[in-house]
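The values are calculated or read from the model by the stated rules, or taken from the named source; none is laboratory data. Just so we're clear, the structure is a prediction, and the values are computed from it rather than from any experiment. Cβ placement follows ideal geometry from the backbone for every residue including glycine, while neighbour counts extend to all protein chains displayed.
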Amino acid sequence: MDACPTPPPRPLSGTLDLGGVIRERPEDFLVEEIPLYEPEGAGEHLMLFVEKRLLTTEEAASRLARALDVPEREVGFGGLKDRRAVTRQWFSVEGVPPERARGLVLDGLRVLAAERHGNKLKRGHLAANRFRIRIRRCRPDRIESAPDLLQRLAAEGLPNGFGPQRFGTRRDNHLLGAALVRDDPQAFLEILCTPRPEVEQERIMQGREALGAGDFKAALRLFPRRMALEWHLARALMARPEDLHHAVRTIPSRVRSLLVSAWQSEIFNRVLQARLGTLTTLLPGDVAVKLSNGACFLVEDPAAEAERVERREILPTGPLPGEKMLRAAGEAAALEDPVLLAAGHEPGWVSSLLPRKAFRGARRPLAIHVSSPRAEVEDPGTLVLEFTLPRGAFATALLAAFGVLEAPPPGVTGR
């Protein structure tokens, strides 16, 4: 698998090399979650609509848990939101009266609303995300074409690629995930100990070198506590230096699942690149998804299903490989299988390094239907884009069509 992850593929129908930068300020990247359902107004759980700034979703959940005196594992949320942004999303807690949470202001977040509900909010319980993104320092000679491109993408569909945030600041999460799938703890450690001078501070790179050399005490002194993966390995190897397999296998399940997901995302992006000419065209043997409920089925007669694609009821999908993934056949498989084979995917392969239920696999629509598009040129060098994407879609997939690819911020470390 290539060291650099595949960027979100750009549509063949037309793109715009706009240049520009995003997230120059957190307020330049606004995201608001559109919930799958509204609070019922009764029940043991409390739904919180929270605005956060420069926080990950997990950091916000942790702060809410401490402030409301509930276990962190009991704080529910529907999806992960960007850190370098201002985002509004729903959380849930159990057994907390609404008056304790309403108007709560903490460092980096505030509670905008609190209403009772009957159940805990779980991952995937959201309908869509609404974005408002300001792109600064655009090329003035091309910015006037941006509104037309946005409308065309909304009409034709957008490649549903995974954005760079899926692969981590070091852009190697997919490589770590591949090592887990291959049951190769030595490769995992070697990847983790490879310095990345383009995104890491000298102290962090020294910590990686110490970890690779077996100086685990030095590694712990050099790594900040926020680098949970590196800390776990250093501590586990200090206790059992000869048991690297145990050290990797006991990495928290959430972290291992994230890394496997990055490996799946890289494979999907590669298949998507091969399908750019048929994003919304069913091929013989395609696996299609019903957009109303996520159910997948094998397409035997593409012509018979074409009208449902036109009505935006179904779409062809690409693979997120795993044990339970529905495989394509025929012409569609001829495009997918070489990518799966090159990535080392073998049906039925079970790795002892994978967390339980982390390798079931799934299918993902090849295209995104962009809704409520709006583009405004604020000045000759600044463009504001507004649009809504279904859950699971990345705004960076749309920005790629405008030639705006986000780079890691200088000096940032960690995953």
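Brief remarks follow.
- Odd one out for GLY78, checked against (1) within 21 Å of VAL255 (Cα to Cα); (2) out of contact with any strand residue (DSSP E or B) (no Cβ under 6 Å at 6 or more places or on another chain); (3) modelled with pLDDT under 95; (4) not polar (S, T, N, Q): (2)
- Set ALA154, ALA187, ALA234, ALA219: member being modelled with pLDDT under 95 and either buried (at least 17 other Cβ atoms within 10 Å of the Cβ) or of a type outside the set (Ser, Thr, Tyr) (or both): ALA154
- Only one of the numbered conditions (1) under 23 Å from the mean Cα position of the chain (by Cα); (2) outside any helix (DSSP H, G or I) is violated by THR194, and that is (1).
- When GLU331 is tested against (1) modelled with pLDDT of 95 or more; (2) crowded, with 18+ Cβ neighbours inside 10 Å; (3) not small (Gly, Ala, Ser), just one condition goes unmet, and that condition is (2).
- Failed item, numbered, when LEU80 is tested on (1) in the same structural domain as LYS120 (by TED's automatic domain parsing); (2) in contact (Cβ under 8 Å) with a residue 40 or more places away in the chain; (3) within 20 Å of the chain's Cα centre (by Cα): (2)
- Qualifying residue in the stretch 343-357 (condition: over 22 Å from the mean Cα position of the chain (by Cα) and either in a helix (DSSP H, G or I) or among the basic types (Lys, Arg) (or both)): no
- Scanning the stretch 79-89 for residues that are part of a helix (DSSP H, G or I) and not acidic (Asp, Glu) turns up nothing.
- Among residues of the stretch 238-249 that are assigned by TED's automatic domain parsing to the domain that holds GLN186 and surrounded by 16 or more Cβ atoms within 10 Å (Cβ to Cβ), those with a beta-carbon under 7 Å from a residue that is part of a loop (DSSP other than H, G, I, E, B) and among the hydroxyl-bearing types (Ser, Thr, Tyr) at least six positions away or on a different chain give the pairs ARG249/SER352.
- Scanning the stretch 164-208 for residues that are in contact (Cβ under 8 Å) with a residue 24 or more places away in the chain, among the basic types (Lys, Arg) and farther than 21 Å from PHE394 by Cα turns up ARG182, ARG196.
- Cβ-Cβ under 7 Å pairs, at least 6 apart or on other chains, the stretch 49-67 side under 10 Å from ARG83 (Cα atoms), far side outside any strand (DSSP E or B) and modelled with pLDDT under 95: ARG53/PRO26; LEU54/PRO26; LEU54/ARG83; LEU54/ARG84; LEU55/ARG83; THR56/ARG83; THR57/LEU80; THR57/LYS81
- Residue check for GLU38: part of a loop (DSSP other than H, G, I, E, B) and surrounded by fewer than 17 Cβ atoms within 10 Å (Cβ to Cβ): yes
- Here ARG374 qualifies as in contact with a strand residue (DSSP E or B) (Cβ under 6 Å, 6 or more places away or on another chain), assigned to a strand (DSSP E or B), surrounded by fewer than 18 Cβ atoms within 10 Å (Cβ to Cβ) and not β-branched (Val, Ile, Thr).
- Filtering GLY318, GLY361, GLY344 for residues that are in contact with a strand residue (DSSP E or B) (Cβ under 9 Å, 6 or more places away or on another chain) and at positive phi leaves a single hit, GLY361.
- Test: residue in the stretch 283-291 that is of a type outside the set (A, V, I, L, M), on the phi > 0 side of the Ramachandran plot and either outside the structural domain of VAL181 (by TED's automatic domain parsing) or in contact with a Cys (Cβ under 9 Å, 6 or more places away or on another chain) (or both): yes
- Those helices (runs of 4 or more DSSP H) of the stretch 209-320 in which at least 2 residues are under 21 Å from the mean Cα position of the chain (by Cα), considering only elements entirely within it, cover 228-239, 253-274.
- Scanning the stretch 97-110 for residues that are in contact (Cβ under 8 Å) with a residue 24 or more places away in the chain and surrounded by fewer than 21 Cβ atoms within 10 Å (Cβ to Cβ) yields PRO97, PRO98, ARG100, LEU104, LEU106, ASP107, GLY108, ARG110.
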